[in-house]
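Right, one structure below, let's go through it.
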Amino acid sequence: MKRMKYQSYYSRFAFLMLLLSAVGFFKGFSQPGPITRMGSTNTISFDEGWFFQRYGLQPDGTRKEEPSGLENTTFNDAAWQKLKLPHDWAITGPFRIELEGSTGKLPWKGIGWYRKHFTVPVTDAGKQIFVDFDGVMANAKIWLNGKYVGTWPYGYSSFRMDLTPYIMPGKENILAVRLDTENWDSRWYPGAGIYRHVWLVKTAPVHVDHWGTYITTPQINDQQALVNVAVTVSNQSQQAAKAIAQTILFELDPSNKPTKKVAVTKETIIDLNAGERKVVESQATVFNPKRWDIESPNRYVAQTTIRMNGKVIDTYYTPFGIRTLEFTARNGFLLNGKRVQINGTCNHHDLGALGAAFNQSALIRQLKMLKDMGCNSLRTSHNPPAPELLELADKMGFLVWDEAFDAWKKGKRKNDYNKIFDEWHEKDLKALVHRDRNHPSVFIWSIGNEVMEQQNVELTKHLVEIVQREDPTRPVSNGYNDPDGGRNSGAATALGLMGVNYFFGQQPKWDADPRYANKPTIGSETSSCVSTRGEYFFGSKDYQNWQISSYDYAKPGWGCSPDEQFRTNAKYPHLLGEYVWTGFDYLGEPTPYNSDETNLLNFRTDPDKKEELEKQLELIRKNNPPSRSSYFGIIDLAGFPKDRFYSYQAHWRPDFPMAHIFPHWNWPERIDSITPVHVYTSGDEAELFLNGKSLGRKIKTPGKDFRLVWDSVRYVPGELKVVSYKNGKQWATDVVKTTGEMSKLVLSADRSVLKAGQDDLCFITVKVTDKDELMVPRSHPLIQFSIEGAGEIVATDNGDPTSFVPFQSHERPAFNGMALVIVKAKGGAKGKFTVHAKSEGLTGASIKVESK
Ligand code: GAL
């Protein structure tokens with residue numbers, strides 16, 4: 001069996017040097033406080049106090065002339081909208097039926113200008129001043145005090161701009177940012193604006209460069225781990241400099257506080273000419289290393305200091321982890337020597353009703369749900385994620401497939417990445433790898449998703465080489481929807497890991513082909529089942545009123561049900577696992593009500609299916625459905641699990657006792673009609689009871705059945721109960737009951753205490769219930785929300801992919817018995833507030849929230 005070990009090996013000499021350098025280890029270093037992020041300690045949030053104005057295409061489709069000179073200091077921006085970042089200018093809508101469903105029917109195209117007035121103290125003269133953007137959509141151009149600083153077109157990359165040449169310490173400075181989404185196309189809702197955080201960084205002229213640390217662990221065993229610290233030091237001064245770099249390693253607790261000091265590198269002397277940049281390497285040994293793992297995501301942090309003339313002039317933190325990765329063709333993936341089946345989900349970057357504007361608490365909510373389902377890996381489809389996603393993955397124990405592009409030189413749409421590929425692909429790849437390569441969660445790099453040139457050997461090699469040059473410790477993959485083409489051409493031989501989207505049919509052939517027999521392979525995209533929460537259609541009908549039945553069989557021509565996918569996976573147990581398309585519903589791409597012809601690319605080698613799909617697309621174009629968000633999610637856009645959630649939970653957490661019955665049992669029009677009852681359970685058999693009477697016991701055939709089906713149940717109102725068994729013992733139960741009339745609203749919050757000053761959000765679920773608090777499944781009453789006290793409503797949602805009610809609305813109908821209201825403390829300040837929900841004819845409800 002061939003194994004690919006992603007570790008490099010250092011000489012025994014280096015090891016010895018390192019032990020010697022540990023002498024003097026515990027001298028003279030003070031215990032640091034919690035760290036905010038990777039980078040220099042002098043990094044401050046730059047999110048507050050921006051002015052915004054939109055030109056070009058307006059929300060209503062008209063145009064507003066963009067005047068010239070908006071970057072100038074003399075321009076008066078007092079009338080512009082004042083806001084705090086992150087900001088997505090398009091999420092306020094309105095939804096417009098004539099806009100593309102593929103990008104969410106939201107008016108995201110336009111020209112956006114942001115300006116920020118700020119001062120830095122006179123004492124900053126002589127410092128280097130940078131602004132770090134985590135992500136700006138798209139085509140950013142940046143000026144300081146009317147002087148052009150630079151550009152970064154790709155909206156998903158993080159990047160740094162050096163403000164030093166034009167900054168005026170002690171005076172007012174104006175930073176201006178121009179964005180242009182008119183010259184950008186997307187297959188999903190990309191959002192628009194400065195939608196991630198921005199930071200101001202001040203350093204000495206001699207300092208650790210941007211993303212200037214690279215930590216690897218070339219030797220790991222239970223007794224010790226050798227940690228290699230490569231530091232890029234930059235001298236931006238006019239004179240030569242002699243500096244000393246040294247790194248101390250600490251354990252890092254979940255609150256980001258460095259705790260126990262565990263190792264120190266020796267001091268390295270660096271001689272730098274004016275304007276020079278150099279990499280220095282040193283090592284340290286961590287004894288009895290605590291491995292980073294999915295179950296126990298232990299982290300360390302490296303504190304690197306740069307000293308000159310006996311003074312510390314820069315301190316830089318790099319969180320990292322100690323773990324081994326092995327990718328095998330015959331035995332899947334091994335983390336720290338143990339096989340881990342990849343139970344992953346693909347996700348886009350939007351956060352539902354919040355749009356693309358990044359919010360940490362919204363992402364934590366999502367990740368907790370995925371964890372609860374048994375998901376252990378995230379694919380950042382199809383672009384670099386917010387940096388916080390990786391920090392959370394490190395902390396919570398997710399492995400990450402970190403992806404760069406959805407297009408290379410040939411676009412799928414007109415203004416795709418193809419427009420900038422030649423000039424930017426290397427810079428964007430470097431930005432991704434340099435930013436993310438210290439994260440223990442990142443285990444695979446992906447250079448693309450279903451790109452048009454997936455059979456191109458040269459291009460594939462070229463991109464792989466760039467990534468491997470910047471980080472040889474992880475394999476590079478690519479998501480193929482023409483895996484046979486990719487392998488036939490030989491392009492896939494350049495990869496460390498083969499990514500197959502959907503088309504597994506030829507797998508046995510490739511497993512036998514000498515070129516690929518030793519190539520580890522993963523299901524980089526799977527299933528693509530589509531459904532709407534709480535909708536059930538009968539007979540063989542899956543589609544109705546732009547909704548999709550939740551019996552979990554519906555899928556586009558290239559997809560399959562979760563059950564079918566599990567069966568496929570069982571056929572290829574040597575593959576690493578799968579990434580389901582998708583964990584959450586997302587804005588845009590409302591397949592099968594999506595007229596976007598890029599769907600045809602999935603059938604580039606199958607003319608019959610292509611023709612069939614072409615006809616469907618024609619019909620959709622004619623009908624112009626109101627659908628504006630996807631149906632692919634296992635969890636809906638509002639964050640409410642669909643039935644499929646329990647299919648994955650049953651399969652991915654076999655030791656977690658659970659059973660889930662569907663559909664709901666409110667079918668007054670179906671008395672005596674056949675109404676199939678399905679059950680997902682982690683047990684191996686189950687018995688169903690209707691009003692206390694057994695409808696029989698069903699047993700799963702291992703590898704074949706992933707749900708238990710009673711398909712001849714005749715509906716009578718009452719109670720359905722399932723009792724599931726595992727190894728002959730009772731394991732789990734679930735009950736659904738026919739409910740009474742809607743009577744009241746019941747609220748529950750994901751948290752009642754918010755952290756002041758941290759953009760913390762509280763997600764409140766509303767259930768429409770009968771008098772006994774049973775959720776009434778087919779209810780859609782209009783709900784009004786209000787707040788008393790120091791809070792505000794951020795957004796509302798209900799998971800309906802066809803709703804055109806703006807996400808900012810304070811009233812919204814429930815969708816199949818549920819709605820969501822997202823609230824926060826006013827200005828993020830401390831204070832108490834009460835959220836009220838009411839609906840005509842129903843008893844309303846309130847919930848108290850405190851921000852401390
Ligand atoms: C894939 C594609 C995804 C999404 C998905 C829908 O082919 O990579 O981005 O479009 O299909 O099933």
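Looking only at the range 293-313, which residues are small (Gly, Ala, Ser) and assigned to a strand (DSSP E or B)?
Listed by number, the list holds a single entry, 302.
Residues in the range 88-95: is at least one β-branched (Val, Ile, Thr), part of a loop (DSSP other than H, G, I, E, B) and open to solvent by 40 Å² or more (accessible area, probe 1.4 Å)?
Looking for residues that are β-branched (Val, Ile, Thr), part of a loop (DSSP other than H, G, I, E, B) and open to solvent by 40 Å² or more (accessible area, probe 1.4 Å), one finds at least one in the range 88-95, hence yes.
Just give me the residues in the range 364-385 being surrounded by fewer than 24 Cβ atoms within 10 Å (Cβ to Cβ) and of a type in the set (Val, Ile, Thr), in sequence order.
Selection gives 364 alone.
Within the range 593-630, how many residues turn out to be in contact (Cβ under 8 Å) with a residue 12 or more places away in the chain and either more than 10 Å from the ligand (Cβ to nearest atom) or among the small types (Gly, Ala, Ser) (or both)?
22
Kindly check whether there is at least one residue in the range 384-392 that is touching a strand residue (DSSP E or B) at 6+ places or on another chain (Cβ under 6 Å), assigned to a loop (DSSP other than H, G, I, E, B) and away from the ligand (no atom under 16 Å from the Cβ).
No, the range 384-392 has no match at all.
For residue 486, all conditions in the list (1) away from the ligand (no atom under 16 Å from the Cβ); (2) within 14 Å of residue 521 (Cα to Cα); (3) assigned to a helix (DSSP H, G or I); (4) not β-branched (Val, Ile, Thr) hold save one; what is the number of the exception?
Checking residue 486 against (1) away from the ligand (no atom under 16 Å from the Cβ); (2) within 14 Å of residue 521 (Cα to Cα); (3) assigned to a helix (DSSP H, G or I); (4) not β-branched (Val, Ile, Thr), the one that fails is (1).
Yes or no: the range 580-587 includes at least one residue that is over 23 Å from the mean Cα position of the chain (by Cα) and among the acidic types (Asp, Glu).
Checking the range 580-587: not a single residue is over 23 Å from the mean Cα position of the chain (by Cα) and among the acidic types (Asp, Glu).
Would it be correct to say that residue 189 is touching a Leu at 6+ places or on another chain (Cβ under 7 Å), not in a strand (DSSP E or B) and not aliphatic (A, V, I, L, M)?
Taking the combined requirement at face value, the residue satisfies it.
I need the full set of residues from the range 505-531 which are modelled with pLDDT of 95 or more and within 16 Å of the ligand (Cβ to nearest atom), in order please.
Hits for the range 505-531 are 522, 523, 524, 525, 526, 527, 528, 529, 530, 531.
Considering (1) in contact (Cβ under 8 Å) with a residue 40 or more places away in the chain; (2) within 26 Å of residue 797 (Cα to Cα); (3) away from the ligand (no atom under 11 Å from the Cβ); (4) open to solvent by less than 10 Å² (accessible area, probe 1.4 Å), say which one residue 641 fails and leave the rest.
Single failed check for residue 641: (4).
Return the residues of the range 685-704 that are within 33 Å of the chain's Cα centre (by Cα) and either touching a residue at least 40 places away in the same chain (Cβ under 8 Å) or open to solvent by less than 10 Å² (accessible area, probe 1.4 Å) (or both); say none if nothing qualifies.
Within the range 685-704, 703, 704 qualify.
Conditions (1) touching a Gly at 6+ places or on another chain (Cβ under 8 Å); (2) farther than 12 Å from residue 300 by Cα; (3) modelled with pLDDT under 95, marked per residue:
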{"residue": "207", "(1), (2), (3)": "no, yes, no"}
{"residue": "215", "(1), (2), (3)": "no, no, no"}
{"residue": "218", "(1), (2), (3)": "no, yes, no"}
{"residue": "223", "(1), (2), (3)": "no, yes, no"}
{"residue": "228", "(1), (2), (3)": "no, yes, no"}
{"residue": "231", "(1), (2), (3)": "yes, yes, no"}
{"residue": "239", "(1), (2), (3)": "no, yes, no"}
{"residue": "242", "(1), (2), (3)": "no, yes, no"}
{"residue": "245", "(1), (2), (3)": "no, yes, no"}
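Could you say whether any residue in the range 420-430 is over 18 Å from the mean Cα position of the chain (by Cα), open to solvent by 10 Å² or more (accessible area, probe 1.4 Å) and either within 16 Å of the ligand (Cβ to nearest atom) or of a type in the set (A, V, I, L, M, F, W, C) (or both)?
yes
Among the strands (runs of 3 or more DSSP E) contained in the range 497-614, which hold 1 or more residues that are in contact with a Cys (Cβ under 9 Å, 6 or more places away or on another chain) and surrounded by 20 or more Cβ atoms within 10 Å (Cβ to Cβ)?
Correct list: 521-527, 577-581.
Consider only pairs whose beta carbons are under 6 Å apart and that are at least six residues apart or on different chains; among these, list those whose first residue lies in the range 515-540 and is closer than 27 Å to residue 447 by Cβ and whose second residue is of a type in the set (Lys, Arg) and surrounded by fewer than 18 Cβ atoms within 10 Å (Cβ to Cβ).
Hits for this filter: 518/2.
The values are calculated or read from the model by the stated rules, or taken from the named source; none is laboratory data. This structure is a prediction, so every number in the text was calculated from the model and none was measured. Note: ideal-geometry Cβ built from the backbone for every residue, glycine included; neighbour counts use all protein chains shown. These accessible areas exclude ligands, DNA and RNA; they are computed on the full protein's heavy atoms, side chains included. Shrake-Rupley method; radii C 1.70, N 1.55, O 1.52, S 1.80 Å.
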